[in-house]
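Written out below as structure tokens is the structure these notes cover.
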Amino acid sequence: MTATTSGSSPDLSVNVAGISFKNPILAASGTFAYGVEFEDVVHLPRLGGIVVKGLSKESMIGNPPPRLWETAAGMLNAIGLQNIGAPAFLAEKLPRLREIKNIVVIANVFGYTREDYERTIEILNEGEGITAYELNVSCPNTQQGGLQFGSDPRTLDELVTTAKRVAQRPLIVKLSPNVTSIAQMAYVAQESGADALSLINTFVAMAIDPETRKPRIANVTAGLSGPAIKPIALRMVYDAAHAVKIPVMGMGGISTASDVVEFMLAGASAVQIGTASFWDPCATEKIVDELQEWCTDHHIDQIADLTGAMILE
Ligand SMILES: Cc1cc2nc3c(=O)[nH]c(=O)nc-3n(C[C@H](O)[C@H](O)[C@H](O)COP(=O)(O)O)c2cc1C
């Protein structure tokens, strides 16, 4: 291995909202189950952290199939937030995650009303071994005509304020990209009490089979993720990071160490890997290894120095 300027191996550790991560690579929600399912393919303590599948106050069965469709450089999904529910997560998954030790577990939370979010966070507050909450605001608000919580500044403000009041752990607000101004939503989340932001969630999209004239996804519309969205995600991370003082976790199409560096230069303090785990279940761990090599080769002593370090001229 080539030496860094100081001759030792690069320091990959980052701090986001008072949480220490051994490196900036986290598994993104919905693409890594509850972490334990990946135990045999990924050395979980090697990762900066794991964001578990979105949890609701009770279990949910999700949408009918087909729910996934591969697109050019991307993937459409309409899983419909299927999950085992917060109580079952505490009883069945968290004990094993605690046993493995040395992993940062972030619980992703969603709901269809503000009370749903509140109740789910209250349940999770009882769970030992959760480091933070990530609030998925890309959900239809059933009390207000199904408009996404994260698409309206006022609704976002109310939701984040409520979540912050009940959360006994740092609150990361995961922004929806389906908005006119990501900078505005980032600012609203910060002012409402978010300790950090993560972005982006998937873009609302769709595909049709021209032969059958039927939608490729039973739900008709779905979320687009993967490399296809990376340049837009990067721009949104850049805009959000420059609108707030709180740290930002970036995601959207990341599949290599140089993608990670791009997001950090744009202003991210850490990143999450989603769709890449679908074509290579070891992607998260491989990217950590690759990132270490990248830093060594580029004489980067401390990866945290890359955050916001894009050079404009
Ligand atoms: C199959 C699938 C399920 C997902 N489920 C969730 C979820 O439960 N909660 C959430 O906040 N984001 C969810 N996401 C969004 C991802 O966490 C991530 O924000 C998005 O896919 C962009 O990153 P990527 O391009 O690296 O996949 C899901 C994505 C996929 C592909």
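The values are calculated or read from the model by the stated rules, or taken from the named source; none is laboratory data. Note that the structure is predicted; figures quoted are calculated from it, not measured. Every residue, glycine among them, receives a Cβ derived from its backbone with ideal geometry; neighbour counts consider all protein chains shown. Each accessible area value is taken on the protein alone, full model and side chains, heavy atoms only, with ligands, DNA and RNA left out. Shrake-Rupley method; radii C 1.70, N 1.55, O 1.52, S 1.80 Å.
Things to note:
- Amide H contacts under 5 Å for Leu55, placed H, 5+ residues apart: Asn108, Val109, Phe110
- Mean Kyte hydropathy of -0.5 or more with a Cα span along the axis of at least 30 Å, helices from DSSP in the chain: none
- Label-point separation in nm, Glu70 to His299, each point 7 Å along Cα→Cβ: 4.2
- Projecting label points 7 angstrom from Cα along Cα→Cβ for Lys245 and Glu37 puts them 4.1 nm apart.
- Dimensions in Å of the range 108-227 - Rg and Dmax from alpha carbons: 15.7, 52
- Paramagnetic reach from Thr113 (point 7 Å along Cα→Cβ, amide N under 11 Å) across the range 137-157: 142-144
- Across Lys57/Lys230; Lys174/Lys286; Lys53/Lys286; Lys101/Lys230; Lys57/Lys214; Lys101/Lys164, pairs whose alpha-carbon gap is larger than 30 Å: Lys57/Lys230; Lys101/Lys230; Lys57/Lys214
- Reported value for the chain: 137 Å³ per residue, from the convex hull of its C-alpha atoms.
- Multiplying the residue separation of Ala88 and Ser13 by 0.36 nm and subtracting their alpha-carbon distance yields 23.8 nm.
- Packing here is the average count of other Cβ atoms within 10 Å per residue, and on that basis the peptides 91-102, 11-22, highest first, run 11-22, 91-102.
- For Gln302, the residues whose modelled amide H falls within less than 5 Å of its own, excluding neighbours fewer than 5 places apart on the same chain, are Asp11.
- Share of carbon and sulfur in the accessible heavy-atom surface of the range 1-82 [1.4 Å probe, %]: 55
- In the elastic network of the chain, a GNM with C-alpha springs shorter than 10 Å, the most mobile of Ala27, Ala88, Ala240 is Ala88.
- Gain upon complete extension [Ala207, Cys282; 0.36 nm per residue less C-alpha separation]: 24.2 nm
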